[in-house]
Structures are given as C-alpha cells and as structure tokens.
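Please treat every number below as a calculation from the coordinates, not as lab data. Just so we're clear, the structure is a prediction, and the values are computed from it rather than from any experiment. Cβ: placed from backbone, ideal geometry, glycine included. Neighbour counts: every protein chain shown.
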Amino acid sequence: MKSANPIPPETSLESTDVPSLIDYRQQQQALRSSLREGMLTAAKQLLREEGLAGFTLRRVAQAVNCSTTMLYSQFGGKDGLSNALYLEGFALLKQEFEQQNLAQLDGIERLRKYAQIYRTFSQHSPSYYVIMFGDGLVGFVPPPESIQTAWKAFTQLISHFSRCMELGLIPQSSPNSAARLLWAAMHGVINLELKGYYLTVSQADQLYEAAVNAVLIALQHPQ
C-alpha cells in the first residue's frame with residue numbers, strides 16, 4: 001500500500017542554488033575599464049562634433065559627469081588621453097586599409113589605391129589626422145612605443161611594396177623605406193590641404209595625384 005505522504009527525496013547541498021561570490025577587485029577593474037571607455041567615447045564625440053576646440057579635459061569630464069581628477073586618475077592628464085586618441089586614430093586607419101576589397105587590384109594600381117584610402121581617411125577624420133600627424137595638440141609628443149605601434153597601421157602598404165619588388169615592378173630595396181617615402185609625399189599634400197592652402201578641391205586632387213605618381217615613378221625608375 002502506497003503512503004499518502006511520500007517522503008521527498010533528499011536534497012543534495014551541491015544542487016542548491018548558492019549566489020556566486022563577488023570578486024571585488026574584478027568588479028573594480030571592470031568599472032575602471034567601463035569608465036575609461038566612456039571617457040574615450042566622449043572625447044571622440046567631442047572631436048567629431050566640435051573639432052580640437054572642444055577637446056579639453058573639462059569638456060570631456062562634463063560629458064561623462066565626472067571630475068577632471070577622475071580623468072587624471074585614468075589617463076594621467078591630457079597627454080595620456082591624447083595618446084589614447086593617437087593610438088585610436090592609427091587603429092582606425094589600419095582598419096580602413098584592411099577592410100578595403102583590393103583583390104581585383106595588384107601591382108602599382110594597388111599602391112595608388114592605398115594612397116587614395118589614406119587621403120579619404122584624412123578628409124573624413126580630420127581631427128584624428130591632426131592628432132596623428134599634425135600639431136593639433138600643442139605640446140603633445142607621443143611616446144616611442146606609441147610611435148612604433150602607430151607605424152603598424154601601414155603594414156598593408158609595406159607588404160604590398162614588398163610584393164611589387166618580388167614581381168619586379170619596383171627594383172629591390174627596403175619596402176619600409178619605400179612606404180615612408182610615399183607617406184611623406186602624401187602627408188605633405190594633405191597637411192597643406194587641411195590648412196586651407198588650396199583654393200579648390202580639384203586643385204588638391206591634382207596635386208595629390210601628381211605627388212603620388214612622382215614617388216611611384218621614382219621608385220620604379222631610380223637614378
């Protein structure tokens with residue numbers, strides 16, 4: 001005969017839901033990371049909407065409703081925040097180079113396309129560009145390790161110079177030096193363009209194309 005009140009099965013302590021313990025240090029680190037990311041996002045938004053004029057520690061602090069002291073604790077001051085934006089800019093440039101579908105282009109034409117991507121980046125992100133390559137932030141000098149990291153943005157360009165040399169399109173030399181030579185020409189024209197030295201866009205277009213072609217021809221036919 002079955003019991004009217006069956007005895008419930010024993011409950012194992014291991015199956016009981018026990019709230020997970022909080023790791024204070026882990027939570028603090030997550031909070032600091034979230035706060036730092038929020039500050040960077042605010043700084044980037046100010047750059048996009050107001051340009052360098054809006055990029056001050058006070059404005060960034062107001063945007064995230066914190067004190068400038070908190071900004072100093074996260075970045076060590078304006079130079080630290082500037083360095084973070086400097087690296088962010090190069091990461092975006094590297095992303096632009098890598099995301100373009102250049103499979104249909106090879107040889108010298110791909111080098112010209114890289115030059116076009118570079119100029120388009122400067123036009124779409126002028127505030128980033130002057131932080132990366134110009135004098136937009138008075139007194140800011142990126143540390144050596146940041147400069148080394150920044151140059152990695154040109155990995156695609158350097159690699160393709162190496163390929164052009166392997167194909168015999170450009171005489172064997174240093175791909176790194178070739179990329180720096182092309183970059184110098186590109187930056188020279190863009191820097192003048194951003195400072196308003198050209199009267200029309202078409203004038204800047206023509207000069208940029210001429211500068212890029214001059215370097216590529218010189219590399220293909222060295223004296």
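Values computed for the structure shown
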item: Residue 32-residue 135 FRET efficiency (beta carbon distance; Förster radius 25 Å; 0.05 resolution); result: 0.20
item: Calculated FRET efficiency for the pair residue 221/residue 52, C-beta based, R₀ 35 Å, to 0.05; result: 0.30
item: Fraction of the pair-distance distribution of segment 116-195 above 15 Å, Cα-Cα pairs, percent; result: 63 percent
item: Rough spin-label spacing in nm, given labels placed 7 Å along Cα→Cβ, for residue 159 and residue 106; result: 1.6 nm
item: Contour excess over end-to-end distance, with Cα ends at residue 180 and residue 116 and 0.36 nm allotted per residue; result: 21.5 nm
item: For residue 124, net neighbour charge (Lys/Arg +1, Asp/Glu -1) across residues whose Cβ lies under 11 Å away; result: +1
item: Cα-derived Rg over Rh, computed across segment 71-111 with Rh taken as Kirkwood radius; result: 1.33
item: Restraint check, 113/195; 44/94; 94/195, Cα-Cα greater than 20 Å; result: 113/195; 94/195
item: Förster radius 35 Å - calculated FRET efficiency between residue 70 and residue 214 (Cβ-Cβ, nearest 0.05); result: 0.10
item: The chain: mean projected area of Cα convex hull, nm²; result: 24.0 nm²
item: Principal-axis tilt of helix 175-194 within the chain, Cα atoms, nearest 10 degrees; result: 90 degrees
item: Structure-based [θ]222 nm, the chain - -39500 (n - 2.57) summed over DSSP H runs of at least 4, per residue, nearest 500; result: -22000 deg cm²/dmol
item: Residues with amide H under 5 Å from that of residue 170, placed H, sequence gap 5 or more; result: 165
